[in-house]
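Visitor: Can you read through this structure? Questions will come right after.
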Amino acid sequence: MRWNAVPELPEVETVVKGLRPLIKDRYITDITISEEKIIAHPAADEFKKEAVGMKIEDITRRGKYIIIELENDKEMIIHLRMTGKLLVKQCEKFRDKHTHVVFHLDNGQELRFNNIRKFGRIYLIDKDQPQKAGGYAELGPEPLSNDMSLDDFKEMFKNRRGVIKSLLMNQKFIAGIGNIYADEILFRSGIDPERKADTLSEMEIGKIYSNMREILKKGIIYGGTTFSDYVNAFGEKGSFQEELQIYQKEGEKCCRCGSTVKKKRVGGRGSYYCPSCQK
DNA sequence: GGCTTTGTTTTATA
DNA sequence: GTATAAAACAAAGC
């Protein structure tokens, strides 16, 4: 069976860190768009007209979005969705068939947007128009930000009563967590993914908070999770998959208690959990 | 060729 | 207006 590793916060952070020294301060000399639907805003010809000739001032991350800051207060917002990659290669190297957009740089290298399923999207916006980039403007707080204390996190649970896993994956609630890290956070917190948010004790919310930060940080240190598709800016795989304790472990023994790991659908998503450890 | 994969958006409902 | 849940959608691989 093949597994697609979807870029979540640690994977996107790894991509951004890898790309920064390769593309910062470079100029975009041309853009080749072979799949126009990837360019979500503005229209492809307009996008090209506005971005060519621009200098890349920096590359950063917000949630699962990559932000490439350009001159004149413009920025490119990139979402990899499933199976997305951003790679830098020499221009003469072979481009595979899933490379849909190529940014030609002034040092002869190429920044390539590669997306097997074509779900990823690229936006070009003015900095003061974030609402034009999909859900980018509505993102919740960054889970690793020092501005979000445990008290702030507890406060966010006011008026929340939905299932906890769906809440953690809700980008408006908190930014950057997807299916893999949500399962890992809840397993290590001993909480069933279907628990309603308004049944959680303060102590349980505290566990989620600390496990969330610890696991996401660890994911970044390990360079993200790779099953088959996700790679960093150099085409290298991460190693956090070796640290996973519950995700994709159906039928295996729980590493904590030894009982069998189960899988169920929570909010329409495949969710791995230990029935004996997670209540 | 139907099913699965996930993140986001849309729609419906309370 | 707000929160939630369910459904739709994107496309490719097996």
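FYI, it's all coordinate maths here, none of it is from the lab. The structure presented is a predicted model; accordingly, all values stated were derived computationally and were not measured. Note that each Cβ is placed from the backbone with ideal geometry, even for glycine, and that neighbours are counted across all protein chains shown.
Visitor: Quick one: if the Förster radius is 30 Å, what FRET efficiency do A:GLU138 and A:SER276 give, using the C-beta to C-beta distance and rounding to 0.05?
Guide: Working: r = 38 Å, r/R0 = 1.26.
For R0 = 30 Å, the calculated efficiency reads 0.20.
Visitor: Do any trypsin sites (Lys or Arg not before Pro) in region A:92-155 lie in a DSSP loop with no more than 13 other beta carbon atoms within 10 Å, and if so, which? Spell out each step's value before the answer.
Guide: Values: sites: A:LYS93, A:ARG95, A:LYS97, A:ARG112, A:ARG117, A:LYS118, A:ARG121, A:LYS127, A:LYS132, A:LYS154; in loops: A:LYS93, A:ARG95, A:LYS97, A:ARG117, A:LYS118, A:LYS127.
Passing sites in region A:92-155 are A:LYS93, A:LYS97, A:ARG117, A:LYS127.
Visitor: Starting from the Cα gyration tensor of region A:9-138, take the square roots of the eigenvalues, sort them a ≥ b ≥ c, and report rounded, prolate or oblate (rounded when a/c is under 1.5, otherwise prolate if a/b is larger than b/c, else oblate). Please list the in-between numbers first.
Guide: Values: a/c = 1.23, a/b = 1.13, b/c = 1.08.
Cα axes put region A:9-138 in the rounded bin.
Visitor: Which FRET efficiency value, to the nearest 0.05, do you get for A:GLN131 and A:THR29 by plugging their Cβ-Cβ distance into 1/(1 + (r/R0)^6) with R0 = 25 Å? Display every interim value, and only then the final one.
Guide: Details: r = 30 Å, r/R0 = 1.20.
Taking R0 as 25 Å, the efficiency between A:GLN131 and A:THR29 is 0.25.
Visitor: Give me the dipole magnitude in Debye, nearest 20, for region A:9-138 about the Cα centre, with unit charges on the beta carbon: positive for Lys and Arg, negative for Asp and Glu.
Guide: Its charge dipole is roughly 640 debye.
Visitor: Once you have the Cα-Cα distance between A:ASP96 and A:ARG161, take 0.36 nm times their residue separation minus that, and quote the gain in nm to one decimal. Display every interim value, and only then the final one.
Guide: Working: separation 65, 0.36 × 65 = 23.40 nm, distance 4.56 nm.
Computed gain between A:ASP96 and A:ARG161 is 18.8 nm.
Visitor: Further question on the same structure: Need the full-extension length gain, A:LYS264 to A:SER201, defined as separation in residues times 0.36 nm minus the C-alpha distance. One decimal, nm. Please report the intermediate quantities before stating the final value.
Guide: Details: separation 63, 0.36 × 63 = 22.68 nm, distance 2.38 nm.
Here the segment from A:LYS264 to A:SER201 would lengthen by 20.3 nm.
Visitor: If the convex hull of the alpha-carbon atoms of chain A is projected onto planes in all directions, what is the mean projected area in square nanometres? It would help to have the intermediate numbers written out before the result.
Guide: Numbers: hull surface 59.1 nm².
Computing the convex hull of the Cα atoms and averaging its projections yields 14.8 nm².
Visitor: What does the extension gain come out to for A:ASP73 and A:PHE119, with contour length at 0.36 nm per residue minus their alpha carbon separation?
Guide: Values: separation 46, 0.36 × 46 = 16.56 nm, distance 2.66 nm.
Taking 0.36 nm per residue and subtracting the Cα distance, the gain is 13.9 nm.
Visitor: Here is a follow-up. Determine ³J(HN,Hα), in whole Hz, for all residues of region A:164-175 in sequence, where each value follows from phi through the Karplus function 6.51 cos²θ - 1.76 cosθ + 1.60 and θ = phi - 60°; x replaces Gly and Pro.
Guide: Along region A:164-175, the couplings run 4, 5, 4, 5, 5, 8, 6, 5, 6, 7, 8, 8 Hz.
Visitor: Can I ask one more? With a 10 Å radius around each residue's Cβ, average the other Cβ atoms per peptide and rank A:196-208, A:178-190, highest first. List each step's numbers first, then the result.
Guide: Working: A:196-208: 14.6, A:178-190: 23.4.
By packing density, highest mean first, the sequence is A:178-190, A:196-208.
Visitor: Another question about this same structure. For region A:15-91, build the charge dipole from Cβ charges (+1 Lys, Arg; -1 Asp, Glu) around the Cα centre, then report which of A:GLY84, A:ALA51, A:SER34 sits farthest towards its positive end.
Guide: My answer, from the dipole projection, is A:GLY84.
Visitor: Quick one: net charge of A:ARG265's neighbours, Cβ under 11 Å, K/R +1, D/E -1? Could the numbers behind the result be given before it?
Guide: Numbers: positive: A:LYS165, A:LYS263, A:LYS264, A:ARG269; negative: A:GLU194.
Result for the local shell: +3.
Visitor: For chain A, what is the calculated [θ] at 222 nm in deg cm²/dmol (nearest 500), taking -39500 (n - 2.57) for each run of four or more DSSP H residues and dividing by its residue count? Numbers along the way, then the final one.
Guide: Working: 6 runs with 67 residues, N = 279.
Helices in chain A give a 222 nm mean residue ellipticity of -7500 deg cm²/dmol.
Visitor: Efficiency by 1/(1 + (r/R0)^6): what FRET value for A:LYS17 and A:SER145, r their Cβ-Cβ distance, R0 = 22 Å, to the nearest 0.05? Don't skip to the answer; put the middle values down first.
Guide: Numbers: r = 17 Å, r/R0 = 0.77.
It comes out at approximately 0.85.
Visitor: Right, here's the next one. If we count other beta carbons within 10 Å of each Cβ, what is the order of A:GLU8, A:GLU138, fewest first?
Guide: Numbers: A:GLU8 24, A:GLU138 11.
Listing A:GLU8, A:GLU138 from fewest to most nearby Cβ atoms yields A:GLU138, A:GLU8.
Visitor: Can you give me the three principal axis dimensions of region A:133-279 from its C-alpha atoms, in Å, biggest first?
Guide: Principal-axis extents of region A:133-279 (Cα, largest first): 39, 38, 26 Å.
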